[in-house]
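As structure tokens, the structure follows; a few thoughts come after it.
Each reported figure results from applying straightforward, stated rules to the coordinates on display, with no laboratory input. Owing to the predicted nature of the structure, the values given are computational and were not obtained by experimental measurement. FYI the Cβ positions are ideal-geometry reconstructions off the backbone, even for glycines, and counts take in every protein chain you see.
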Number of protein chains: 2
Amino acid sequence: MRTSQVLIPTLREDPGEAEVVSHRLMLRAGMIRKVAAGIYTYLPLGLRVLKKIENIIREEMNRAGAQEILMPILSPAELWRETGRWEFYGKELLRCQDRHERDFCFGPTHEEVITDLFRREVNSYRQLPMNCYQIQTKFRDEIRPRFGLMRGREFIMKDAYSFDRDEESARVSYQKMYEAYERIFTRCGLNFRPVEADNGMIGGTMSHEFMVLAETGEETILYEEEGTYAANVERAEVLPPASPSTENPLPLETKHTPEMKTVLDVCQFLQVTPAKLVKTLLYQTREGEIVAVLVRGDHEGNDIKISRLLNTAAVTLADAETVTKATSAPVGFAGPVGLKGVKIVADHAIRAMKNFIVGGNAQDTHLLNANWDRDFTVDTFADLRQAQAGDPSPRSQAPLVAAKGIEVGHVFLLGTKYSQAMDATFLDDQGKDTLAIMGCYGIGVSRTAAASIEQGHDAKGMIWPVQIAPFHVHLLPVTNSEMVQETTKSLYHSFTDAGIEVLWDDRDERAGVKFNDADLIGAPYHVTIGDKGLKNGTIEIKHRRTGEVVKIEPSRVLAYMNEQLAQFQLPRV
Amino acid sequence: MRTSQVLIPTLREDPGEAEVVSHRLMLRAGMIRKVAAGIYTYLPLGLRVLKKIENIIREEMNRAGAQEILMPILSPAELWRETGRWEFYGKELLRCQDRHERDFCFGPTHEEVITDLFRREVNSYRQLPMNCYQIQTKFRDEIRPRFGLMRGREFIMKDAYSFDRDEESARVSYQKMYEAYERIFTRCGLNFRPVEADNGMIGGTMSHEFMVLAETGEETILYEEEGTYAANVERAEVLPPASPSTENPLPLETKHTPEMKTVLDVCQFLQVTPAKLVKTLLYQTREGEIVAVLVRGDHEGNDIKISRLLNTAAVTLADAETVTKATSAPVGFAGPVGLKGVKIVADHAIRAMKNFIVGGNAQDTHLLNANWDRDFTVDTFADLRQAQAGDPSPRSQAPLVAAKGIEVGHVFLLGTKYSQAMDATFLDDQGKDTLAIMGCYGIGVSRTAAASIEQGHDAKGMIWPVQIAPFHVHLLPVTNSEMVQETTKSLYHSFTDAGIEVLWDDRDERAGVKFNDADLIGAPYHVTIGDKGLKNGTIEIKHRRTGEVVKIEPSRVLAYMNEQLAQFQLPRV
């Protein structure tokens, strides 16, 4: 393709609206343009990347035995009401009414629609397992859309849904998808890691996220450096402490701690480490119950673990008014001793502590030498805190290491959550009505493109993996001499005939401008044709990733490129 | 692909909901399923057809120099307000509000979004011509969605938009698209005809529709049997009558015509032919003006021609109350003589008439021997009626022939309608701000699939063109003998390896069931493998379209199929 014949509106300046590198570079390289907050047009270069990712996904999903279908973008509210998600989903679900005032949503996910299809069309265990997928534009009405394609409102997803006759078979389907995802992200040329994850709003019993590793990632993952355990920090289990404290209990003591509201304040004032403190966090469940959660001063509560223990959909930290009402003290002085009418649960770590410091439930007051059981009653001890780097792995006890990641895929074993709500059954081999065991499997297509940039870029621009680059070769003639132009044209045709994708910069621009745009766009190979080189019988090929430059005879350039590309399993385009 | 591993829920009975053959057969063959009125899920076989049509379109659009992009499904209201279409579009436009109460619509077409892109990103005549296209799910909130994919609400379109520096260049861009469309529908294997068409709500100065010819088509086209003129009946010009009547004017006469409200009633009562009558049709413009339109008794008014003459967006026939108020008579007795306060316009044909019959503007009254100019004043004579079969062609004067068609594509020369409204300019070669001349070009992808079925089917099912058939070959082993199964398996692999797309009916069903499903699904070649044939050294290949059956040695089957398919330029899949 010739630069003059394709819309690539590169920008020299960083656009003000962009907060992350992928957003900034996709705007600068003319790959996307904003239409509204979190809503973009994909220009030709951007769309080429998406199509390649889509085709890799399609090839691997088909290989794994999944069938491609296409469900509608609009979902009728009736189906969402059957599972309760019409109410539950909240404002992220974009709703509309048709001219007859019937309710629809712009589907952010399609469990309801596929489960409805299943219950109508599939009758027998003989038709199982079944796995259907689609690649489709979806919408989530994020409060603060930002970061370009990383957190857009309208985005492209691959979503797949499996139906199985029993749990064992469902685990096989899940494993097939897990392996397909490993192949997909490997083929996309990404450095990624599958991690254990929470099932969240989707529900179900098991899930893994596929994380592209990048310093700019919003997610934290913890993993064993040598072993196989890896989990989202939200999900990572923390083992109970190995041995309890052997201290003798000391008498409870009241301490005046004027204006000392934070752990840091109290530690400095009392000259102790945060590990001697216990924080009393007041949470409110979705049902409105107030619960006190105790975690050690140097730990953070984990909302998901707390919600799961309390058997509620979600918890939030109580507001100041609620805290004051429950503790008779301003925020910062809550404590378990003498706390009335509020259930107290505690993280495992507390079980090993003695003679710790807690809030006094009165202004400017803390208690020293508090001890559980003696001074207050804990309803349940459980793993309630966020894991941290250095915590022992729940699998090998080796210390966990932290990294930042971007979630690009998520696989869920759903169980019967949706089949039960929608009565999606089949006849088993005994002729008995049986609920299908489901799984669902998502990949953010547009987000994968952005994640690849977050992982692969430098100060000059993007560095695309060969497999999903918008073009393999950026062809850069640096003068208008006949020799340069003829050689360029001939190379362009020989590349194109060989199935190598070329962007030919045929603009009448200075070499510097062309080189800058080429580095910005980030095709893996830059082929530079200049008079000086040609006179010496060479053409320069730059590897964008390493910066390495090789000089090659013109007649050998095609063979060199063919060798380079033969290393990769490229998607059909 | 094996039938047992893909969801093809064929139905033996005709589904009650289906009114047209394509809808009925796509449901019966398990290609689509309804989710809500006019909203469907495409199952694997249906999606395969769509993907092939999409790929033919993509290949031909790229060949014609258009660039693929992808605009968002949601369009912000601000852009639609700039062109006035936010108000003008009415209830067909599905609207919604995001969580911040900002207005969006689910884009049924993308002139506003692309024109906004153009004005931001294109500055110079050097960047023109530019033609961008996308293939996307769109939504139109039809009052009565029906006929399956023929008139769905959510549907798949290819839409393209061209920008040119002047009218001449814009006509070249238009012609390129016209020719690309001819190639596309030819490659889809369809019998179609491009016809002149009205620009309608899209606006602009010239347009052609691409009509798939089918008896079940909702559109009527008129064309020269030998020549090149072809037009939608709504658009076809009618020449003024060759020579005026030579009768002498007779005196105006009032006639009592009790309860004679229709042309037929009056003709029978007075023993005259409808060509002696003039109908007085009262129309209301969108602005509220009432206008009397005179057409001959055997002619029909053409709303589009009438609107154009009256320079209004749309006209509707006035309701009974308005008619009574304007004419002082019940509906059926309106006439031009003595009609006050209403502009009178007349079809050309009236100019040639003398001594005609009109309504008397009083109950049960008609006037005989009316003559224009003597008895009433006509503001304008113009071509205001619907053309009919037998009318002389405006090009050659040869009689026009009528046929039924289904609109699958529409190309428009828009002129500056959108660039003016949105101030989309570029700098011309003199450095002057100039409005871009636009064109837009649509293809209904899902409707093309349905139109192909309307054109190609018989009592047993669908008859797909080879190019867009879900599979090339339906492989039908009729027994479970080892010989049949081994031969089938071997053929399946040799077909697949050769890039021939095969659906292998591996179900444990009777031969009759398999044959019925194969005829229903309509792959072009049915390869039947039976014990008797194999013992005689033959395999049967049925051509679905003609019913012709050839018997071929097993070793020659692959070569035969390769020869058959080599005739076609098949899309990449």
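The table that follows gives values for the structure above.
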read-out: 12 Å Cα-Cα reach of A:Lys261 towards aspartates and glutamates, excluding residues that sit fewer than 8 places from it in its own chain; value: A:Asp364
read-out: Listed pairs A:Lys52/A:Lys551; A:Lys176/B:Lys532; B:Lys91/B:Lys176; A:Lys51/A:Lys432; B:Lys404/B:Lys551 exceeding 32 Å between Cα atoms; value: A:Lys176/B:Lys532; B:Lys91/B:Lys176; A:Lys51/A:Lys432; B:Lys404/B:Lys551
read-out: Residues in segment A:470-494 that a label on B:Arg126 would reach, taking backbone N under 17 Å of a point 7 Å out along Cα→Cβ; value: A:477-481
read-out: Förster radius 30 Å - calculated FRET efficiency between A:Arg286 and A:Glu218, Cβ distance, rounded to 0.05; value: 0.80
read-out: Per-residue average of Cβ from other chains inside 10 Å of A:104-114; value: 2
read-out: Estimated [θ] at 222 nm from DSSP helical runs (n ≥ 4, -39500 (n - 2.57)) normalised by residues in chain A, nearest 500; value: -8000 deg cm²/dmol
read-out: For chain A: relative contact order, % (alpha-carbon pairs under 8 angstrom, 6 or more apart); value: 17 percent
read-out: Protection proxy ranking, peptides B:299-310, B:517-528, B:77-88, average beta carbon neighbours within 10 Å, highest first; value: B:517-528, B:299-310, B:77-88
read-out: Teacher prompt: A:Arg12 distances to equivalent labels in other copies, 7 Å Cα→Cβ, nm; value: 7.5
read-out: Shape of the protein assembly as shown, Cα gyration tensor, a/c cut at 1.5; value: prolate
read-out: Cα gyration tensor shape for segment A:33-88, rounded if a/c is under 1.5, else prolate or oblate; value: oblate
read-out: Average Cα contact separation per residue, segment A:471-566, under 8 Å, 6 or more apart, as relative contact order %; value: 29 percent
read-out: Neighbouring partner chain Cβ atoms per residue of A:129-137, average, 10 Å criterion; value: 2
read-out: Residues whose placed amide H lies under 5 Å from that of B:Glu501, excluding near-sequence neighbours; value: B:His472, B:Val473
read-out: Per-residue mean of C-beta atoms belonging to partner chains within 10 Å, peptide A:86-98; value: 3
read-out: Principal axis box of segment B:471-566, alpha-carbon based, largest edge first, Å; value: 32, 28, 23
read-out: Degrees, to the nearest 10: A:511-521 long Cα axis against longest axis of chain A; value: 40 degrees
read-out: For the protein assembly as shown, share of DSSP beta bridges that run antiparallel, in % to the nearest 5; value: 80 percent
read-out: For chain B, Cys with no neighbouring Cys Cβ under 4.7 Å; value: B:Cys105, B:Cys132, B:Cys188, B:Cys267, B:Cys440
read-out: Reachable aspartates and glutamates from B:Lys305, criterion Cα separation under 12 angstrom, eight or more residues apart if same chain; value: B:Asp198, B:Glu234, B:Glu237, B:Asp347, B:Asp383
read-out: Distances in nm from B:Ala511 to the matching label points in the other copies, shortest first (labels 7 Å along Cα to Cβ); value: 7.6
read-out: Three-way shape call for segment A:248-400 based on the alpha-carbon gyration tensor, with the a/c threshold at 1.5; value: oblate
read-out: Where rotation carries B onto A, the chain B residue whose Cβ is nearest that axis, in whole Å; value: B:Cys96, 2
read-out: Percentage of interatomic Cα-Cα distances in chain B larger than 43 Å; value: 36 percent
read-out: Peptides ranked, highest mean first, by Cβ atoms within 10 Å: ranges B:387-399, B:347-359; value: B:347-359, B:387-399
read-out: Separation of the A:Arg146 and A:Lys535 label points, Cα + 7 Å toward Cβ, nm; value: 5.4 nm
read-out: Whole-angstrom gap from segment B:5-37 to segment A:237-285, using each part's C-alpha centre; value: 67 Å
read-out: Whole-Hz couplings from phi, Karplus 6.51/-1.76/1.60, listed for segment B:117-128; x for Gly and Pro; value: 4, 4, 5, 7, 10, 10, 10, 10, 4, 5, 8, 10
